[in-house]
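Step one of this worksheet: look at the structure below.
Since every read-out is calculated from the coordinates, none of them should be taken as a lab result. Bear in mind that the values here come from a model prediction, so they are computed numbers and not experimental data. Heads up, the Cβs are rebuilt from the backbone with ideal geometry, glycines too, and the neighbour counts pull from every protein chain shown.
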Amino acid sequence: MEAGAGVMEGGGVGGRDSSRVGVGHHNKIGYVKKGIIKKRKWMRRIIKQAATVPIMPIPLQLQQLFVSCLDVFKGPPATIPAPNDVHKLCTILDNMKPEDVGLSSELQFFKPTNMVKGNPRVTYTTIYKCDNFSLCLFFLPATGVIPLHNHPGMTVFSKLLLGTMHIKSYDLVDPTNLDGSVPSSQLRLAKLKADRVFEAPCDTSVLYPTTGGNIHAFTAITPCAVLDVIGPPYSKEDGRDCSYYKDHPYTASNGEAALTTEDSDSYGWLEEIEMPENSQMDGIEYLGPQVTEPTC
Ligand SMILES: [Fe+2]
């Protein structure tokens, strides 16, 4: 499977800010395309013309996810989905397979023996994006890292489709001051929400603007693919730019009351940093099954 994906542009998480990044490298994830090859041969035989690119059938789960997202995120951007809507999307995502987005554990990229030489750059691709939500795939080679980053005002569903990864996540203890402004302190106290290894297939995890581990980091143990539903997407113009963080062990400082030893394991100090140089991502064209807008 050598369906090379075309390079678009490098970027941070979600690739929303190309000004902070360099030119993307060439990447090959590959997509399952047995159907395409078969149909191309059929077309050659029948019409004896150059092969045309046929339309890949839409997996029901992906289309169902897309249609449900159109409904769930139809409100004003930054509306947090209601619990029943969260449940609906989680149920669909929990049942999704790599094949639903044109991937397979058989692809060379996902072989556990596939070790990357040099910096293991992360790749992303966008299945669909509108003002209210986006569907994105992130590809992490073994040891690849998406560093601690936030999702301001966003609700994000993450489904690990392939591989094994470590996820660490935090929520800020006090995201804003009483007057709504952001605290000026360089170090922000944060509560640890997750610090463990996830192995596909596993259930969907959900983060919210201030809960569920809004600030998280992924570290791939084996090559991974993650499907994210992001509502609303990053938008610098709308105040949803991505910030990066470095975490420090909890110690009582900044006038905070000392915690017990047990509690201190559950907290950390987050320091906002520039996007780490070696964390730039490469954007590639999505070559898997397409979603289609429902007709009224
Ligand atoms: Fe994220």
*Just list whichever of 88/193; 97/117; 129/159; 74/168; 88/168; 159/193 have alpha carbons separated by over 27 Å in the model shown.*
97/117; 74/168
*Would you list 197, 116 from fewest to most Cβ contacts within 10 Å?*
197, 116
_Proxy reagent accessibility, fewest Cβ within 10 Å first, across 60, 107_ = 60, 107
*asked:* Please list, ordered by chain and number, the residues whose modelled amide H lies under 5 Å from the amide H of residue 96; skip anything fewer than 5 residues away on the same chain.
replied: none
*Going by how many other beta carbons lie within 10 Å of each one, how would you line up 115, 165, fewest first?*
115, 165
*Step through the residues of segment 144-157 one at a time and calculate ³J(HN,Hα) from phi using the Karplus curve (6.51 cos²θ - 1.76 cosθ + 1.60, θ = phi - 60°), rounding each to whole Hz and writing x for Gly and Pro.*
x, 10, 9, x, 3, 8, 9, 9, x, x, 10, 10, 10, 9
